[in-house]
Protein chains: 2
Amino acid sequence: MIVDSAGAGALIEDYLRGLRVSDLPELEEAIRYSLLSGGKRIRPRLCLAAAVSAGGDPEPALPVAGAIEMVQAFSLVHDDLPALDDDDTRRGQPTSHVRYGEGVAVLVGDALLNGSHRLVIREVRPPELALAVAAELADGVAGMIDGQYLDVTAVSDPTVEQLARLHRLKTGALIGASVVSGALVGGATDLAPYRAFSLELGLLFQIVDDILDDGTEDEPSYVNLLGLERARELAVASHGRALELLAHVPGDTRELAGLTDQIANRRS
Amino acid sequence: MIVDSAGAGALIEDYLRGLRVSDLPELEEAIRYSLLSGGKRIRPRLCLAAAVSAGGDPEPALPVAGAIEMVQAFSLVHDDLPALDDDDTRRGQPTSHVRYGEGVAVLVGDALLNGSHRLVIREVRPPELALAVAAELADGVAGMIDGQYLDVTAVSDPTVEQLARLHRLKTGALIGASVVSGALVGGATDLAPYRAFSLELGLLFQIVDDILDDGTEDEPSYVNLLGLERARELAVASHGRALELLAHVPGDTRELAGLTDQIANRRS
């Protein structure tokens with residue numbers, strides 16, 4: 001059970017449903033197919049929760065949370081392509097390229113990535129804040145693309161350090177951007193505690209992901225490298241460290257703590 | 001012969017060579033393969049020329065010009081993919097996906113698109129100007145993606161109006177963003193004459209493209225729809241209108257006029 005005192009989940013869904021990315025109805029439909037296909041919305045919720053901890057309201061952080069989720073949707077659509085991870089289904093539904101064809105899926109991802117930047121540029125004010133948020137977002141996306149490149153070209157037998165680097169980029173960069181950009185919009189001036197917390201949170205997210213994928217994936221993972229038992233110990237330790245680091249984050253951190261627990265305890 | 005009193009071409013090449021997009025040397029090499037593969041750099045030169053006409057120097061417009069060329073490179077890498085235009089060579093060299101594989105080519109395009117936004121966000125100041133430029137860039141990219149979608153899903157037998165709409169988006173949107181964002185950095189406050197001029201310039205660019213492609217492409221074009229002779233008449237008329245509209249653009253427009261003539265008279 002996750003703390004959701006602010007009704008953040010409903011706020012985010014409503015906001016995402018109200019977004020328009022393309023002027024073409026057919027392309028817009030394909031974009032909405034991927035953007036509105038459910039999911040736990042963990043990253044935008046982290047964004048809103050960080051804004052609240054920094055002393056802000058959730059609502060002004062919604063464009064940033066929306067941009068973060070658009071980036072997440074972009075990365076899934078492109079990563080699912082046959083040339084990358086080649087996944088036919090996601091959350092029980094055909095992936096974008098299966099439903100609309102590969103060419104359209106490439107364009108859907110491109111439109112979501114561009115649309116995420118456009119949303120921050122248009123909706124966040126004052127201008128200095130918009131640029132600070134946009135820079136966090138762009139850095140997060142750059143890290144995520146680097147991570148996906150490492151994944152695509154990975155050696156078959158990485159060390160734990162190589163695996164950690166891959167995940168710090170592929171998963172951690174956007175989780176970090178979610179927390180830090182939310183903190184920025186909430187009015188935070190000292191971003192260091194948010195960065196430290198979100199770095200650990202990204203690691204926790206990935207270890208749990210590997211545990212949940214156990215047996216269904218033959219790619220390098222903490223489970224494959226270290227065994228299931230050791231991976232579970234790592235997850236418990238990482239969960240503890242994340243909560244310790246959260247103690248250095250100011251303000252009302254109940255929502256961030258709830259999301260940390262949800263990431264640690266999720267079943268899918 | 002093109003006016004290049006400011007040495008704009010060399011400025012742009014040097015600037016592009018100095019850019020770093022990814023922290024991973026191997027991905028960076030694949031990005032540079034596409035970004036530094038030559039080309040006439042017409043869009044970044046339009047950007048610098050518009051800045052000069054608005055009363056600015058070329059140098060402060062370089063990050064914007066660089067971002068524009070990164071967008072152009074992104075669009076070529078993704079459009080060349082087998083699922084889209086399926087082109088194996090560009091300017092006599094293997095395309096990105098032939099050289100590095102489809103998966104890497106998807107990521108190269110993603111990195112260039114994200115990198116273009118990142119460059120404007122980081123390098124253009126003051127913040128209000130950065131946001132105005134970033135908004136022009138994001139709108140231009142959105143139009144370009146819409147245009148590529150129309151191209152991919154095009155009916156086999158479009159009307160001239162449908163063809164014009166497709167090209168206004170696919171080609172015209174980024175040419176418009178090149179001129180208008182350059183004007184912004186140069187200090188222009190009235191963007192209307194730049195918009196009117198660049199709209200015609202985009203049309204001219206596309207008609208000439210179709211004439212140059214005559215016989216080598218079986219897709220819808222002004223030549224296929226109207227015949228070569230009529231397409232040539234349209235190009236002459238559009239060239240004239242572009243120069244008329246340029247007369248309403250303030251300042252020193254010699255470079256813009258030279259680029260307009262180059263677009264009208266190019267042989268490749």
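Entry remark, segment B:151-173: residues being buried (at least 22 other Cβ atoms within 10 Å of the Cβ) and within 12 Å of chain A (Cβ to nearest Cβ) number 3 in total. Annotation: A:M70 fulfils all but one of (1) without any contact (Cβ under 8 Å) to a residue 24 or more places away in the chain; (2) buried (at least 23 other Cβ atoms within 10 Å of the Cβ); (3) of a type in the set (A, V, I, L, M, F, W, C); the unmet one is (1).
Taken over segment B:218-247, the residue count meeting the criterion of being farther than 12 Å from B:A264 by Cβ and among the hydroxyl-bearing types (S, T, Y) is 2. Considering (1) surrounded by fewer than 14 Cβ atoms within 10 Å (Cβ to Cβ); (2) closer than 25 Å to B:D157 by Cα, the lone condition that B:S238 does not fulfil carries the number (1).
Looking across segment A:13-29, the residues that are within 10 Å of chain B (Cβ to nearest Cβ) and free of Cβ contacts under 8 Å to residues at least 12 places away in the same chain come down to A:D23, A:L24, A:E26, A:E28. Close contacts from segment B:111-124, counting a first residue that is within 13 Å of A:A130 (Cβ to Cβ) and a second that is in a helix (DSSP H, G or I) and of a type in the set (D, E, K, R), with Cβ to Cβ under 7 Å and a gap of 6+ residues or different chains, come to none at all.
If you go through segment A:103-135 and keep only what is more than 12 Å from B:H117 (Cβ to Cβ), of a type in the set (D, E, K, R) and crowded, with 18+ Cβ neighbours inside 10 Å, you end up with just A:D110. Across segment B:56-65, a minimum of one residue is classified as under 30 Å from B:V152 (Cα atoms) and out of contact with any strand residue (DSSP E or B) (no Cβ under 9 Å at 6 or more places or on another chain). Annotation note: Cβ proximity below 7 Å between a residue of segment B:81-103 that is more than 14 Å from chain A (Cβ to nearest Cβ) and a residue that is at pLDDT below 95 and surrounded by fewer than 18 Cβ atoms within 10 Å (Cβ to Cβ) (sequence gap 6+ or interchain) occurs for B:R91/B:S37; B:R91/B:G38; B:R91/B:G39; B:Q93/B:S37.
Would you call B:R90 within 15 Å of the chain's Cα centre (by Cα), under 18 Å from B:L174 (Cβ atoms) and not aliphatic (A, V, I, L, M)?
When the stated conditions are applied, B:R90 does not pass them.
Scanning segment A:244-268 for residues that are assigned to a helix (DSSP H, G or I) and over 24 Å from A:G39 (Cα atoms) yields A:E244, A:L245, A:L246. Scanning segment A:1-19 for residues that are in a loop (DSSP other than H, G, I, E, B) and at pLDDT 95 or above yields a total of 1.
Only one residue in B:Y15, B:Y100, B:Y33 is more than 24 Å from B:P250 (Cβ to Cβ), aromatic (F, W, Y) and in contact with a Lys or Arg (Cβ under 7 Å, 6 or more places away or on another chain), so which one is that?
Testing whether each residue is more than 24 Å from B:P250 (Cβ to Cβ), aromatic (F, W, Y) and in contact with a Lys or Arg (Cβ under 7 Å, 6 or more places away or on another chain) leaves just B:Y33.
Here A:G56 passes the criteria (1) in a helix (DSSP H, G or I); (2) within 24 Å of A:A196 (Cβ to Cβ) except the one numbered (1).
Residues checked against (1) free of Cβ contacts under 8 Å to residues at least 12 places away in the same chain; (2) buried (at least 17 other Cβ atoms within 10 Å of the Cβ); (3) acidic (D, E); (4) touching a His at 6+ places or on another chain (Cβ under 9 Å):
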| residue | (1), (2), (3), (4) |
| --- | --- |
| B:T189 | yes, no, no, no |
| B:A192 | yes, no, no, yes |
| B:V208 | no, yes, no, yes |
| B:P220 | no, yes, no, no |
| B:L246 | no, yes, no, no |
| B:T253 | no, yes, no, no |
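Do we have any residue at all in segment B:205-214 that's touching a helix residue (DSSP H, G or I) at 6+ places or on another chain (Cβ under 8 Å) and farther than 23 Å from B:N265 by Cβ? No; the residues of segment B:205-214 include none that is touching a helix residue (DSSP H, G or I) at 6+ places or on another chain (Cβ under 8 Å) and farther than 23 Å from B:N265 by Cβ. Tell me whether segment B:13-33 contains one or more residues that are under 16 Å from B:F74 (Cα atoms) and among the acidic types (D, E). Among the residues of segment B:13-33, at least one is under 16 Å from B:F74 (Cα atoms) and among the acidic types (D, E), which makes the answer yes.
The values are calculated or read from the model by the stated rules, or taken from the named source; none is laboratory data. What you see is a predicted model; the values in this text were computed from it and never measured. Reconstructed Cβ throughout: ideal geometry from the backbone, glycine too, with neighbour counts over all protein chains shown.
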